[in-house]
Amino acid sequence: MFEAVHSDADSSFRCLHVSCERFADDHTWHYHPEYELAYVVSSRGTRFVGDSIQRYEPRDLVLLGPDLPHCWSDDPHSPGESVPELRVIQFSTEAFGEGFLALNEAKRLKRLLEASKAGLHFQGPTTRHAGELMRQAMEATGLGRLLMLLEVLNFLAEADAFDVLATQDYCLNNTANPANRERIEYVYRHIRENLSGEISQAQLAATLNMSASAFSRFFKAATGKNFVAFVNILRINEVCRQLGDSERLVTQIAMACGYNNVSNFNRQFLVCKGMSPSEYRQRFKRKSQQHQQYVEARLAN
């Protein structure tokens, strides 16, 4: 869906502090002509950017270029857990003034914004500091607010610690139009709601009044992936969520996520994650323990 972005009052860009029961209910697969810097304060789930489908955790930070489709689908949170919270800054280069990016001093920033056309995912300690700078920008007013936006972008440009999200093929060949995006939104919802059962490409094609071959071409052009690969990625991401949130056997989780063949499941998981499900669970536990120790140390100080 197209999102109309309106600048805040007395500002040349928009700051949002999103807090809701579920990101998945608050927004759909959408795009807009502005750049977007998004920092997850609290929430975990699956992030969709172009043809990139990845798990995200708290302190996740991405910079998205203009007209790049995206959405966050968060996992259900347990009673007592923090509700999903997101800091968002949406801006256009017009906010910096004509000719600004042509200045020698803005070379790194210009390269950063050009790279963001495919979506950038930042990692490491960079994200925590950038999230704090975003908070300060949201609280600032007047010229100070614009300077804070430039400060956080300059910090990210100099950090140079990011991964590119969408593939080059997606950026060059994606022909999704508003009508197709509406279809993709329907397909996406259907897949998410039926991960544990059989998902029929032919049935979806018929529902959308398309032939099987036309649906296949449309889906590949709109997402950059074939239908089977897309379903598999969503299933593997759901498996990852359950590996971290429960102590159930790996085979039980695989079956609950639509895998009836354990050998095929192990093979698909290895391709997607580069490790076995058991290794993933062990790494997740170590990471959770390290985070808990860090929080306890901060509280003690």
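The values are calculated or read from the model by the stated rules, or taken from the named source; none is laboratory data. What you are looking at is a predicted structure, and each value in this text was computed from that prediction instead of being measured. Neighbour counts run over all protein chains shown; Cβ positions are idealised from the backbone, glycine included.
So the values come out like this:
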| quantity | calculated |
| --- | --- |
| Positions within region 28-50 being out of contact with any Asp or Glu (no Cβ under 8 Å at 6 or more places or on another chain) and either among the aromatic types (Phe, Trp, Tyr) or outside any strand (DSSP E or B) (or both), in sequence order | GLU34, TYR35, PHE48, GLY50 |
| Matching residues, region 86-118, being small (Gly, Ala, Ser), within 18 Å of the chain's Cα centre (by Cα) and more than 17 Å from GLU158 (Cα to Cα) | ALA118 |
| Residue in region 63-84 that is acidic (Asp, Glu) and either out of contact with any Lys or Arg (no Cβ under 7 Å at 6 or more places or on another chain) or over 26 Å from TYR188 (Cα atoms) (or both) present | yes |
| Filter result (out of contact with any Asp or Glu (no Cβ under 9 Å at 6 or more places or on another chain) and within 17 Å of ASN194 (Cβ to Cβ)) within region 241-264 | GLN242, ALA254, MET255, TYR259, ASN260 |
| Test: residue in region 214-227 that is aromatic (Phe, Trp, Tyr) and out of contact with any Phe, Trp or Tyr (no Cβ under 6 Å at 6 or more places or on another chain) | yes |
| Filtered residues of region 205-217 (kept if surrounded by fewer than 20 Cβ atoms within 10 Å (Cβ to Cβ) and in a helix (DSSP H, G or I)) | ALA206, THR207, ALA212, SER213, ALA214, SER216, ARG217 |
| Region 222-260: number of residues that are within 17 Å of ARG55 (Cα to Cα) and among the polar types (S, T, N, Q) | 4 |
| Checklist (1) farther than 30 Å from LYS225 by Cα; (2) among the small types (Gly, Ala, Ser); (3) in contact with a Pro (Cβ under 8 Å, 6 or more places away or on another chain) applied to SER92, failing item | (1) |
| Region 97-136, residues that are of a type outside the set (Gly, Ala, Ser), in contact (Cβ under 8 Å) with a residue 40 or more places away in the chain, surrounded by 15 or more Cβ atoms within 10 Å (Cβ to Cβ) and over 15 Å from VAL40 (Cα atoms) | LEU109, LEU112, LEU113, LYS117 |
| Region 46-58, subset in contact with a helix residue (DSSP H, G or I) (Cβ under 7 Å, 6 or more places away or on another chain) and surrounded by 19 or more Cβ atoms within 10 Å (Cβ to Cβ), residue farthest from GLN242 (Cα to Cα) | GLY50 |
| Residue match in region 43-58 (condition: under 22 Å from GLY144 (Cβ atoms), at pLDDT 90 or above and of a type in the set (Gly, Ala, Ser)) | no |
